[in-house]
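Below is one structure, written out as structure tokens; the observations come after it.
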Amino acid sequence: MGFSSKNGEGKGTFPHGVHPPERKSFSEEAAIEVMPQPEKVILPLLQNIGAPSKSIVKAKQTVQMNDLLAEAGGFVSSNLHSPISGKVQKNVSVTLPNGRHVPALQIKADGEQLSGLALRDDIFGGDWPTTGLEKFDSKAITDAVQKAGIVGLGGAAFPTHVKLVPNDKKPVDTLIINGCECEPYLTPDYRLMIEAPESIISGALLAARAAGAKNIYIGVEKNKPKAISVLKKAASGTGITIAVLKTKYPQGSEKQLILAITKREVPLGALPLDVGVVVSNVGSAACIARAVLRNKPLTHRIISVTGGGIQTPKNVLAPIGVSYGELIDFCGGLKSNAARIISGGPMMGFAFADLSAPVTKGTSGVTVLTQSDIHTENETSCVRCGRCVDACPMNLVPTRLALASRNKNLDLAERYNIMACFECGSCAYICPANLPIVQLVRMGKALLMAQKKK
Amino acid sequence: MTEKKKNQTQNSTAAPVIHVAPSPHLTEQGLSTQKIMLDVLIALAPLVLTAVIIFKWYAIKQLAICLVCCLGAETLFIKMRNKIVTLNDYSAAITAVILALSLPATAPWYVAAIASFVAIGIGKVIFGGLGMNIFNPAMVGRAFVMIAFASLLGASGYEYSGSSVDVLSQATPMDAFKQGGVVATLSSLFWGLTNGSLGETSAFACLIGGIYLCIRRTASWEIPAGVLLSVVVCGGLADLLTNSQWTVFHHIFGGALLFGAFFIATDPVTSPLTSRGKFIFGVGVGAFVMLLRIFSGYPEGVMFAVLLMNALTPLINRWTIPRPLGG
């Protein structure tokens, strides 16, 4: 068991998957830039999987940067802190790119702000110790993580403390820090690994202490040799293994990553915890270090603004709650051939048009595709060529799921395990008939859930 | 629309038009149903070539009739259903070529024409068009004329003396053995210097085209592998038990076996979806071919074996639902 270098570096992987164009070159060489503090931020009260946060501030109240604005609304929920100093304004509601309509707090900037290099140093600078962490026990670490409102920064935004709290019935022996970044275009994790690897290592050690994991891996795809060498240097002497994995989509998906590194299969409907594994994103690991060692909450994150439709692609250190429009303006605005704006990457991201929407904790990038990137070809008949079956990382039969959903044949869809699909999009990417497989499967899943509720 | 966006629209001279659509927003380039079908036509080229070399203008005539009738039938039937005619997906052309290659050189023009209309009409369009049919359209067309014109497509129908094409005066190798115990040489079967249906005679051409299809992943290798494996096993057993002169190699290189294994059984629409299912399908085709060849009155059985396994495909799909990761 376990990941051994005997298999050869860059060989470890999961069965099936696809190889979309990587297109990281737009932003991979762009060092993290701090964007100027915005005049206002809008902070949706639901930025995580689980329960919404509950506001604890009133309109016209003055808040400082890092002040708590909203409390977790349950165990699976997260605290929310102010990324700027200013005044709380009237509550608003916003529509996020994923289509959810949620209430939000609005903060207008006021007074002295931490900005520019000072902000960057505050977040990534200084020493990140890898020794002497014994003084933090599990409870101290999970409490600090919970207080700081940390969620998974890879995109799913699952509250991190929930994963780290030790569970007597389900002991954890392995921690995997996810630095795969298999989505095309996106580079925030890559820049973090290059520019602040020590914070990731510190965070990984702390997270492992909290969860009680003995083995720590950082999974990185083979196409990031610079990040691999930097991390290896930073991790030397700490017992952390840098697991170099094959470049394949969706290598960064939790279940696929666990399979690639530990050869363990997470049962359907179960969590990584059930096989003794905790997976956390590299960005989240850095946040853990910052929360535990410096008592600072999650208020900013790195966002890649990239793609052929952006004037100057950048990796931006942005306050959570800034609008997508401001981010795009900071990167020179849209080119005239811009055709689709996506929150996240092109494989799993959400296309949207309202640039006034705010970025949330889970926003890893804004990808702007051009007219020539997107193909609006007509759907033709499925000839059951089976390419989707060969691509599905969950070993499903996507064409069956899609057509069963289209025909509202929910029994058939369930027999083919429609609920196991996590909508990675490999099938629709590869489909020669241009079937909207993911869209149909989403519909089928929703119908099936509605039917079960009855 | 927000202030910000309004400003943007006014400022830039050519305001970008922003689309929204569900993910994924990328699709693989250069892969379409049309290209897959074109691949099949490319793979059929060596078979067409050998057919033309061996059967001269008989082959050209048969191909021309089938192409005209299949494309015509497709246009007619699709128009009748008030749908958009999709000849450019090449599927009707593939049906035409495979049908032509599965007919004897001697078959009269009306046999090819009727087979074409049945193949497209009853084999495909009646089920809802491309992707919906249960049976291989070309085999449906061939089965219809084989039963309707039994004498023209029976073993003796292949023979026609007094033509400039020498091989036409011989009996087909499988029939020659069945009737008179004459065993064709393996090399003549391999290179295709025998009588038979237009495309089946040359094992060499079938292998070239078939391997191309498998490498391009247009055909799944599991199907021909399954067919060959089961023919080797069944043929090997028959060799041991009966001491027949028609060995397992004759079974493989003779008749339509390779043509069927690589080009007919591999039709994705009418074969199972998963690799396990495909392998079972291939094994089944091979087993039925051997059953028909050894025990039935017909010298050949590829067509009926494929049609039979087509009928079992939904059942095989149901048996071979793959286990999801962690399931």
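Kirkwood hydrodynamic radius, the protein assembly as shown, all distinct C-alpha pairs: what's the number in Å?
The answer is 29.4 Å.
Output the peptides B:260-269, B:170-179 sorted from most to least packed, where packing is the average of other Cβ atoms within 10 Å over each peptide's residues.
Result, highest mean first: B:260-269, B:170-179.
If I take R0 = 45 Å and measure r between the Cβ atoms of A:I56 and B:M132 in this structure, what FRET efficiency does the formula 1/(1 + (r/R0)^6) give, to the nearest 0.05?
0.15
Can you give the longest run of chain A that contains no GluC sites (Glu not before Pro) sitting in a DSSP loop with at most 14 other Cβ atoms inside 10 Å?
Longest stretch, sites excluded: A:113-376.
Hey, what's the per residue convex hull volume over the C-alpha atoms of chain B, in cubic angstrom?
181 Å³
With charges set only on the Cβ (+1 for Lys and Arg, -1 for Asp and Glu), what does the dipole of chain A come to about its Cα centre, in debye to the nearest 20?
Once rounded to the nearest 20, the dipole reads 1020 debye.
Just need the relative contact order of chain B here, percent rounded to a whole number, with Cα pairs under 8 Å and 6+ apart.
Relative contact order of chain B: 16 percent.
Looking at the protein assembly as shown only, what percent of DSSP beta bridges run antiparallel? Nearest 5 please.
60 percent
Enumerate the whole-percent occupancy of each 5 Å bin, from 0 to the last occupied one, for all C-alpha pair distances of region A:144-278.
Per 5 Å bin, starting at zero, the Cα-Cα P(r) for region A:144-278 comes out as 2, 10, 21, 24, 24, 14, 5, 1, 0 percent.
Just name one of A:A420, A:G444, A:V389: the one whose Cα is farthest towards the positive end of the charge dipole of region A:387-453 (beta-carbon charges, Lys/Arg +1, Asp/Glu -1).
A:G444
Return the FRET efficiency for the residue pair B:I53, A:N378: r is the Cβ-Cβ distance, R0 is 35 Å, and the value is rounded to the nearest 0.05.
E(calc), rounded to 0.05, equals 0.30.
Among residues other than A:Q89 whose Cβ falls under 14 Å from its Cβ, what is the net charge (Lys/Arg +1, Asp/Glu -1)?
Summing Lys and Arg as +1 and Asp and Glu as -1 gives +4.
How do A:H300, B:H250, A:H19, B:H25 rank when sorted from fewest to most other Cβ atoms within 10 Å of their own Cβ?
A:H19, B:H250, A:H300, B:H25
Using the crude model of +1 on Lys and Arg Cβ and -1 on Asp and Glu Cβ, and no other charge, please compute the dipole size for region B:51-133 relative to its Cα centre, in debye to 20.
Using only the charged Cβ atoms, the result is roughly 100 debye.
If each residue's Cβ is checked for other Cβ atoms within 10 Å, how do A:L164, B:L186 rank with the fewest at the top?
Sorted ascending by nearby Cβ count, the order is B:L186, A:L164.
Can you give the Rg to Rh ratio of region B:147-189, both from alpha-carbon atoms, with Rh computed by the Kirkwood formula?
Dividing the radius of gyration by the Kirkwood radius yields 1.01.
Normalised by the residues of region A:38-112, what does the relative contact order come to in percent, with Cα pairs under 8 Å and at least six apart?
35 percent
Expressed as cubic angstrom per residue, what is the convex hull volume of the alpha carbon set of region A:387-453?
66 Å³
Within a Cβ distance under 11 Å of A:L175, other residues only, what is the Lys/Arg minus Asp/Glu net charge?
+2
Under 8 Å for C-alpha pairs, at least 6 residues apart: give me the relative contact order for chain A, rounded to a whole percent.
Averaging sequence separation for qualifying contacts and normalising by length gives 19 percent for chain A.
All of the numbers you see were taken from the coordinates with simple rules; none came from a lab. Treat the numbers as computed from the prediction; the structure is a model and nothing was measured. No Cβ is skipped: glycine too gets one built from the backbone with ideal geometry, and neighbour counts run over all protein chains shown.
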